[in-house]
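Quick notes on the structure that follows.
Values in this text are rule-based calculations from the coordinates and carry no lab data. All values reported here derive from a predicted model rather than from experimental measurement. FYI the Cβ positions are ideal-geometry reconstructions off the backbone, even for glycines, and counts take in every protein chain you see.
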Amino acid sequence: MDPELIGLASAAATALVGRLAADGWEQAKRAVVALWRRSGRANEAEVVAGELEECRSELLASGQSEEGQAAAREMAIEWRGRLRGLLAAEPALAEELRALLTELRPDQPESGARVEMHGTASDQAKIYMSGGSMHISGS
């Protein structure tokens, strides 16, 4: 599979899961279901709608807890696989998925990279994280 399509599926899955517990989730659900209807997998569209609603319920129930964040990461992995499968079967849907991605994350430029980091420190540990250059001096 084309690496660009893999990246597109990954970005769209992450944005989709992020939107499920936020405003505009119904619009996102409708757009994803419409994508399935236009594909060779139209018979799966209603199942996809139900699964998106289940994901939303789980995300809302778990909130921003560690459990909720872990659930969101797992869901993003699952939806990435589903979207990759959809694009593998119907590469022509890539443009529609790009448009959906733009809808799901309008605040991010299309070519911009998204950096997400998680760190846990204990005892005397220090964590240094950066989405770009970092210079550390001293102790």
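For the pair Arg38 and His118 in one chain, pulling the backbone fully straight at 0.36 nm per residue adds 25.1 nm over the alpha carbon distance. For the chain, evaluate the Debye formula with one uniform point scatterer on each Cα (no solvent term) and list log10 I(q)/I(0) at q = 0.12, 0.19 Å⁻¹, rounded to two decimals. For the requested q values the scattering log ratios are -0.55, -1.14. Counting neighbouring Cβ atoms within 10 Å and putting the fewest first, the residues His135, His118 line up as His135, His118.
The sum of -39500 (n - 2.57) across all DSSP H runs of n ≥ 4, divided by the residue count of the chain, sets its helix-only mean residue ellipticity at 222 nm to -20500 deg cm²/dmol.
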